[in-house]
1. Assign unit charges at the C-beta atoms only (+1 for Lys and Arg, -1 for Asp and Glu), then state the dipole size of segment 83-524 relative to its Cα centre in Debye, rounded to the nearest 20.
2. Could you list Asp117, Asp280 so that the one with the fewest beta carbons within 10 Å of its beta carbon is first and the one with the most is last?
3. Taking +1 at the Cβ of each Lys and Arg and -1 at the Cβ of each Asp and Glu, which of Pro297, Gly497, Ala234 sits farthest along the dipole of segment 83-524 towards its positive end, judged by Cα position relative to the Cα centre?
4. At a 10 Å Cβ-Cβ cut-off, how would you order Ile151, Ile446, Ile172, fewest neighbours first?
5. At most 12 other Cβ atoms within 10 Å and a DSSP loop assignment: could you name the trypsin sites (Lys or Arg not before Pro) in segment 360-433 that fit?
6. For segment 165-240 and segment 425-491, what is the separation of their Cα centres, given in Å?
7. Within segment 70-87, whose backbone N sits under 17 Å from a point 7 Å along Cα→Cβ of Ala230?
8. Go through Asn200, Pro406, Ala97 and say which Cα lies farthest out towards the positive end of the charge dipole of segment 83-524; charges sit on Cβ, +1 for Lys and Arg, -1 for Asp and Glu.
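Bear in mind that the values in this text are calculations on the coordinates, not laboratory data. This is a predicted model, so every value here is computed, not measured. With ideal geometry, Cβ positions are generated from the backbone for all residues, glycine too; neighbour counts draw on all protein chains shown.
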Amino acid sequence: MHRTVSSQCPARGLAPTKSLSLPGPFNPFAPRRNIFDSHSMPEPSSTSAADFVEQRSLAGSPATLERRIGLRSAVLFNMLEMIGVGPFITLPLVIAAAGYRLSVWAWLLGAVIAVADGLVWAELGAAFPQAGGSYAFLRAIYGPTGAGNWISFLYVWQLGFTAPLSIASGCIGLSSFLAWFWPGLEAVPIRMIPSLHYANFAASAACLLVTALLYRNLRSITRLAWVLFAGVIAALVGVIVSGFAHAAATGGWHMPAAPALPLAIALGGVAQATLIATYDYWGYYNICFLGGEVRRPERTIPRAILLSVLFVSAFYIAMNLAALPSMRDAAHAAGSAALRIQLVADIARSAFGAWAGYTIAALIIWTAFASVFSLLLGYSRVPYAAARDGNYFSFLAAVHPRHGIPHRSLVALGLVGAFFCFFSLAQVITMLVITRILLQFFLQQIGVILLRIRQPNLPRPFRMPLFPLPPLAAMAGFAFILVNRAHAIGELAVAGGIAASGTLLYLFRAHHLREWPFARPANLR
């Protein structure tokens, strides 16, 4: 499908632009098309900030990605990713790590970090509303022909590890919930491989099913997302109502007794609990990855981020408070996935009977499926955006001629996620959080400050309040959960290894293409 940008907005003063066509044969070292090149962008001097953003997004994004996502759908996509399998599995783990009295503070601290970091995403997402989210932000901040080349490549490189693992972790959690209904899924089909279970095949099948459901136009995807969202809200409300009903039936709500802990141990427990809570909050930025498909992104993206954090934090804190009277055995809940599910489902069963416990467990399976749906939807846009710029495998830059989606990127990510379903992901939450904090979130938080200093006149449809306190607060919160934990050095070393390997690969590629830091003077213009 070919369309011209100039035909869509003749009143905006854009110069005529040639139609965009699908890329040619695969070439991993294809020349990069610079979407932030000043020669391809309109001058902002004669337009408002909102006009400039719209012009830049139209000039910088392929014309085949249509802006159809409004505010309600944007909040929907964010909340679907945020409320996945995580809170239902990790709720007893948060309580076990922080203790009964401090567990609520872990959720509150996680919400504060999410709001502070969400303001960073809101400012960048409104200023650069393009497919790819962080990829587009990092290239713009650090320079598309300078260090931004390397930093954005590192981001895509780490995403090659963390995105499929995120998707696979949701699918594995889903299959673990299925094993609660069908215990046979925990059986070992091949005795020589005791770590392989039938549940791994169920998880992989779930990943492929989500990929198939997303292989359609965005309007159909949005309708399906609303159906999935209904089940997500039902699961949350079910757990909250069951918790308070159970407390009322057993003498009223009360905080379980807990011994006082030394300050160092208490801080370490809160840090570990906040790390888990941070993982459960992540997803408030999902709409930024779909920036090229958002209507009025300068208004929709900031509102969607802040509203989704507000709604989800209220649900999480209410769920924690509702569950506390029934979670006296939370410290012993880390043994198996089935036991973790049972702790949540038992709340409903104790309040309303066995049927309620099975219903809540089924709704958690529904919620896990919805989360994977939103994860794969958002992340599939990142390899596409990088490939479009020549910064990744070029065959992933294709857009489906009828559905208008990056179908090759979607299928590739779905297949890799299905493959990772056959691995053990016991430490995946910790590694996901650490790697992304170091190679994505810190870089954006530092970058938004640098961008204010270097380009004070850049049109910013949304400017975060109390600047620079939000990025500094977010960095302080992330540093707190990184450092105040056992085994922190070893886990940081793994993230450093991913950064080092990506840097070596980038330098090899940059030397071949004569790009930064090997670019000739003519290539730096």
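1. Details: 26 positive and 11 negative charges, 222 e Å.
Here segment 83-524 has a charge dipole of around 1060 debye.
2. Working: Asp117 28, Asp280 24.
The most exposed by this proxy come first: Asp280, Asp117.
3. Among Pro297, Gly497, Ala234, the one farthest towards the positive end of the dipole of segment 83-524 is Pro297.
4. Working: Ile151 22, Ile446 16, Ile172 28.
Starting with the residue having the fewest Cβ neighbours, the order is Ile446, Ile151, Ile172.
5. Working: sites: Arg381, Arg388, Arg402, Arg408; in loops: Arg402.
Filter output for segment 360-433: Arg402.
6. Spelled out, the Cα-based centre of one part sits 30 Å from the other.
7. Inside the label zone: 73, 76-77, 80.
8. With unit charges placed on the Cβ atoms, the residue in question is Pro406.
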